[in-house]
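Read through the structure below, which is laid out as C-alpha cells, and then see the notes.
No lab work stands behind these numbers, since they all come straight from the coordinates. All values derive from a computational prediction rather than experimental measurement. Reconstructed Cβ throughout: ideal geometry from the backbone, glycine too, with neighbour counts over all protein chains shown.
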Amino acid sequence: MKVVLIGTLVTGYADDIAAQVKTPWTIKTLPDGSSKEEIAAALIDADAVSPIGWNAQMPPAPKLKLIQVAGAGTDAIDFATIPKGVTVCNAFGHEGAIGEYCVMAMMAWCHEFPKLSRELDKGFMRQTDRANLRHHDEIDGKTVGVVSLGRIGKAVATRAKALGARVLGCNRSAMKEAPGVDEIIPWDDKGRLFAESDFVVVTTALSPETKGLVGPALLGRMKPTGVIVNVARGAVIEEDALYAALAEHKIGGAIIDVWWSYPNAATPEAPPSKHPFHKLPNVILTPHSSGWTTGMRRRRAGQVAANLDHLARGEKLDNVVRPPTS
C-alpha cells in the first residue's frame, strides 16, 4: 500500500512513521515546491495521503481511502471537496508539550526572565544587594483561566494546578468537571473567566464560531495586570483589538505563539501580523513552536503509523474527524 506525505511540514515525519508502521507501506514524500504533475502522479495510486490541507485543486486520487492530517487542526481541509469513501482523521501528541510551554511562559512572566536576561545581556546587574531588589512574582496563588478544555486545555490545567494556581475553565460543550480545574464556568459566562484570571490561556480550535472570539468585549473584562496566552490559532483573537489593548496598556501583557499570517513560497519574509507586536515591551513572542518537540514528533508519527496499520488490516481508524461519505 502507498501513502503520500505532502508538504515539508509533513514530510519531516517520514522516518518516524517508517520506524513505527508495522504493515507494508511505501512512503512517498513531496516537500514544499513539488509540482502539480508530481502530486498528480503520486496520488493516482495512493491508498492514503497526509497533506497540510485539501481543496478542490487537488488532483484525482481514485484509490484513496484515508486523509490523515498530521496534526490536530483541520481548518485547512475543505470537507466539501473530500472524495466519496474517504475517511478524514487527525493526530495529536502535542498537548503535553504545549501544556509545558504555557506553564513555562507563565512562570517566565512571573519571574521576569526575559527582562532580567536582557538587563544582564547589557553587561551589568541592576543591583547587587538582593535585599534591595524589586520582588518579582510566582504562579502559586494566581488564577489561570483556560478557554476550551480539550486535550491542550486539560494539559495546561493539570500543570498549572500542580504549581498552586487556582484554575478556571470554560468549554463550548457542557462539562461537569475536568482534571486540574477548580471550577468550570458556562461558555456563555466566559467574561467572568476573563475578569477573574491573572492568566487567560486560549486553546480553543479555530472554527467559524470561534473566529474573532476574543475581541474588545472580552479583553475589556481582563484585569489591567492580566496576561493573555494564545496557543490556539491567531484568528481566534481579534488582531487589532489585542494590539490596541497591549499598546494602550489596558491589559498587562500577552504571550503569543500563533499568528495571523505565515510565510509561504510567495512571501517567505511575510510578517506574522500587520502590527509591530515585536516592538511592544509587554509581550513574549514565539514562532508557533510551542508543541514542536521531539517527543511530539515521535508520538504524532506513531498515531499516523497506527492508522496506516489499521487501514491495511481493515480495522477501525483512530481520531476520525469525518467518516466516509457515500
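Close amide H contacts of Ile185 (hydrogens built in the peptide plane, cut-off under 5 Å, sequence separation of 5 or more or a different chain): Gly169, Cys170. Applied to region 106-117, the Karplus parametrisation 6.51 cos²θ - 1.76 cosθ + 1.60 on θ = phi - 60° returns per-residue 3J(HN,Hα) values of 5, 5, 4, 5, 4, 8, 6, 4, x, 5, 5, 5 Hz, with x for Gly and Pro.
Dividing the Cα radius of gyration of region 95-285 by its Kirkwood radius returns 0.99 for Rg/Rh.
The sum of -39500 (n - 2.57) across all DSSP H runs of n ≥ 4, divided by the residue count of the chain, sets its helix-only mean residue ellipticity at 222 nm to -8500 deg cm²/dmol.
In percent, how large is the relative contact order of region 95-285, given Cα pairs closer than 8 Å and 6 or more residues apart? Don't skip to the answer; put the middle values down first.
Details: 344 pairs, mean separation 29.9, N = 191.
Worked out over region 95-285, it gives 16 percent.
Between Ile228 and Val200, Gly253, Ala254, Ile255, the built amide H atoms are under 5 Å apart, and every one of these is 5 or more places off in sequence or on another chain. Computed from backbone phi, the HN-Hα couplings of region 209-225 come to 6, 9, 5, x, 4, 9, x, x, 5, 6, 4, x, 7, 6, 5, x, 9 Hz, rounded to whole numbers (Karplus: 6.51 cos²θ - 1.76 cosθ + 1.60, θ = phi - 60°; Gly and Pro given as x). Between the amide H of Asn319 and any residue lying 5 or more places away or on another chain, no distance stays under 5 Å, with hydrogens modeled in the peptide plane.
Each residue of region 47-55 is assigned a 3J(HN,Hα), and the resulting list reads 8, 9, 9, 10, x, 6, x, 8, 8 Hz, derived from the Karplus form 6.51 cos²θ - 1.76 cosθ + 1.60 (θ = phi - 60°), x at Gly and Pro. Principal-axis analysis of the Cα atoms of the chain puts helix 151-162 at an angle of about 30° to the longest axis.
Per the Cauchy relation, a quarter of the hull surface: what is the mean projected area of the convex hull of the alpha carbons in region 1-110, in nm²? Don't jump to the answer; show the numbers that get you there.
Details: hull surface 33.5 nm².
Dividing the Cα hull surface by four gives the mean projection, 8.4 nm².
Its Cα gyration tensor gives region 232-319 an equivalent ellipsoid; the semi-axes, largest first and in whole Å, are 37, 15, 12. Taking other C-beta atoms within 10 Å as the exposure proxy, Glu315, Glu112, Glu239 rank Glu315, Glu112, Glu239 from fewest upward. Ranking Gly12, Ala305, Pro216 by how far each Cα lies toward the positive end of the dipole of the chain (charges on Cβ) leaves Ala305 at the top. Using Cβ point charges alone (K and R +1, D and E -1), the dipole size of region 1-94 about the Cα centre works out to roughly 340 debye. For the chain, the longest principal axis of the Cα atoms and the long axis of helix 294-313 meet at an angle of about 30 degrees.
Over the chain, what is the relative contact order in whole percent, taking alpha-carbon pairs under 8 Å and six or more residues apart? Intermediate results must be reported in sequence, preceding the final value.
Values: 627 pairs, mean separation 59.6, N = 326.
Taking the mean separation of contacting Cα pairs over the length of the chain, I get 18 percent.
In region 1-72, which trypsin sites (Lys or Arg not before Pro) are in a loop and have at most 15 other Cβ atoms within 10 Å, using DSSP for the loop call? Walk me through the numbers before you get to the answer.
Numbers: sites: Lys2, Lys22, Lys28, Lys36, Lys63, Lys65; in loops: Lys22, Lys63, Lys65.
Those that pass, being in a loop and sparsely packed, are Lys22, Lys63.
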